[in-house]
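Just below is one structure, and these are the notes that go with it.
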Amino acid sequence: MQGANMLLDEPVRLTSVLTPVKPKVFPSLTKIVGTLGPNSHSVEVIQECLTAGMAVARFDFSWMDASYHQETLNNLRKAAQNVNKLCPVMLDTLGPEIQVHNSTGGPIELKAGNHVTITPDLSKAPSSEILPIKFGGLAKAVKKGDTLFIGQYLFTGSETTSSWLEVVETSGENVECLVTNTATLAGPMFTLHVSKAHVSLPTLSDYDKEVISTWGLHNSVDIISLSHTRSAEDVRELRSFLQSHGLQDTQIYAKVENTEGLDHFDEILQEADGVIISRGDLGIDLPPEDVFISQKTAIKKCNLAGKPVIITRVVDSMIDNLRPTRAEATDVANAVLDGTDGILLGAETHRGPYPVDAAESVYNQLVHFKKLVKHVGDPMPHEESVASSAVRTAMKVKAAAIVVFTFSGRAARLVAKYKPPMPVLAVVFPREGSDPTKWRSYGTTQARQCFAARGVYPLMASTEEAETGGLTREEYGIKLAQNYGRSVGMLKPYDRLIIFQKIGDSSVVKIIECDSS
């Protein structure tokens, strides 16, 4: 990946920076992906997360079993119904992750200067001298001087719970390592990461296939986060697997978390529906000063391609603290200014998107819009032309929102590509024969998937309701958008709306005013 342009396009006005940022009634344009786990398992807590702005619910299958995640998902559905919100389900795969299962459950002390042996012999009990792993090819993947990282909270940067190991020698299938820092490994499982080395494990593991073909199929998951994506072929393999199991509507977000993924980023981006930049793992493969440039370049490429990009590991301190550090708040804000679609929270406690709001208050939409238009070139394809025209018109007339009528969600994502400063209300009409009240139907899936894109808020429409009310599809869709906009404090009487819809082979953009009722 080539370095991104690091210069500011124009200076930020200090008045906009010094003005106190107040939380908005309507959620920020930048989306929050929340990982549901022990502290966010109940219906009540999930409702709070949805109300606070969680747009996508992530289920991490690197821990706990399917029955636990099913219980959590059932609670999510109840919570979403209670607050009348759509929420897509993201299944995060395990991938080629090497784990040490601590069967005893007791803490393991690793002291700097001591040696520890990594072995595939699972009959050995984990201790400060030996750590068994379920992988026999580690000795072939590493050499003397290579670096390994191990720990339960490996990617937070906490040196008290994770350890850096240096390979001293290999003997058969065993790898002897020098412990370079003292740490206490606690919990039932530790992750082992091999820095800058190819591990001969499949990206889509047998375990992942089992989870997708059972839990994923049963729940018709909306998005799969493909952990440790290393090549475009990884995405194609998963796509083929999904199609063979009746999950052809499920989107694939490639999770790039090592140098292999960065080396093949352009091809991966072309094949995937979206990208997740896993900065924790990247921070092990790359020095800190290289992580940020990789992140900025990746975001820029995703923006130009019009595909959602999400970044991880932004407020690690909030695992234990109520507030993020100043550095973390700045980090989040810079990602928003660069154009990230979403922020993924893992173990962190989310207390409010104020750094996001602060960044969006000084975000220069016009600069990003001009860059995107220039990148697409002239003459522009028809769809790009009308989508960009909708955004240009919305900015010119200072519209409060852009309303897009869509079946697949593609039109809404295309409008969102041009980074409008106002929300995009995607009115999704189900295909004929679909039941929009069901979790699993063509239309509801596509609507939920829209939530991952920056600024897009989908609304499920009902053709039957339109006909019952004696309204045309357009009249019903506008009424639905206006009612929703008022209910969340986004719209007020006489606000301008941009309406974007396809009629036959043509696309139409027009301006209306919100009614006063």
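Results, tabulated for the structure shown:
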{"quantity": "Selection within region 91-114 - buried (at least 16 other Cβ atoms within 10 Å of the Cβ) and out of contact with any helix residue (DSSP H, G or I) (no Cβ under 8 Å at 6 or more places or on another chain)", "calculated": "D92, P96, E97, Q99, V100, N102, I108, L110"}
{"quantity": "Candidates A426, A453, A461, filtered to the one that is modelled with pLDDT under 90, assigned by the TED database to the domain that holds E384 and buried (at least 19 other Cβ atoms within 10 Å of the Cβ)", "calculated": "A461"}
{"quantity": "Number of positions in region 73-90 that are free of Cβ contacts under 8 Å to residues at least 60 places away in the same chain and either on the phi > 0 side of the Ramachandran plot or touching a Ser or Thr at 6+ places or on another chain (Cβ under 8 Å) (or both)", "calculated": "3"}
{"quantity": "Residues that are within 19 Å of I32 (Cβ to Cβ) and outside any loop (DSSP other than H, G, I, E, B), drawn from region 304-315", "calculated": "V309, I310, I311, T312"}
{"quantity": "Options V175, V168; residue that is in contact (Cβ under 8 Å) with a residue 12 or more places away in the chain, in contact with a Lys or Arg (Cβ under 9 Å, 6 or more places away or on another chain) and in a strand (DSSP E or B)", "calculated": "V168"}
{"quantity": "Answer residue from region 464-506, given it is among the charged types (D, E, K, R) and more than 24 Å from A387 (Cα to Cα) and is modelled with the lowest pLDDT among those", "calculated": "E467"}
{"quantity": "Helices (runs of 4 or more DSSP H) (entirely within region 211-303) containing at least 1 residues that are among the basic types (K, R)", "calculated": "232-244, 279-285"}
{"quantity": "Some residue of region 310-326 being surrounded by 19 or more Cβ atoms within 10 Å (Cβ to Cβ), of a type in the set (K, R) and either under 29 Å from V376 (Cβ atoms) or at pLDDT 90 or above (or both)", "calculated": "no"}
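Here's the yes/no breakdown for (1) modelled with pLDDT under 95; (2) assigned by the TED database to the domain that holds A305; (3) buried (at least 22 other Cβ atoms within 10 Å of the Cβ):
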position: L217; (1), (2), (3): no, yes, no
position: D222; (1), (2), (3): no, yes, yes
position: R230; (1), (2), (3): no, yes, yes
position: V235; (1), (2), (3): no, yes, yes
position: L238; (1), (2), (3): no, yes, yes
position: Q270; (1), (2), (3): no, yes, no
position: V275; (1), (2), (3): no, yes, yes
position: E289; (1), (2), (3): yes, yes, no
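The values are calculated or read from the model by the stated rules, or taken from the named source; none is laboratory data. In this text the structure is predicted, and so the values were computed from the model without any measurement. Here the Cβ is made from the backbone with ideal geometry for all residues, glycine too, and neighbour counts use every protein chain on show.
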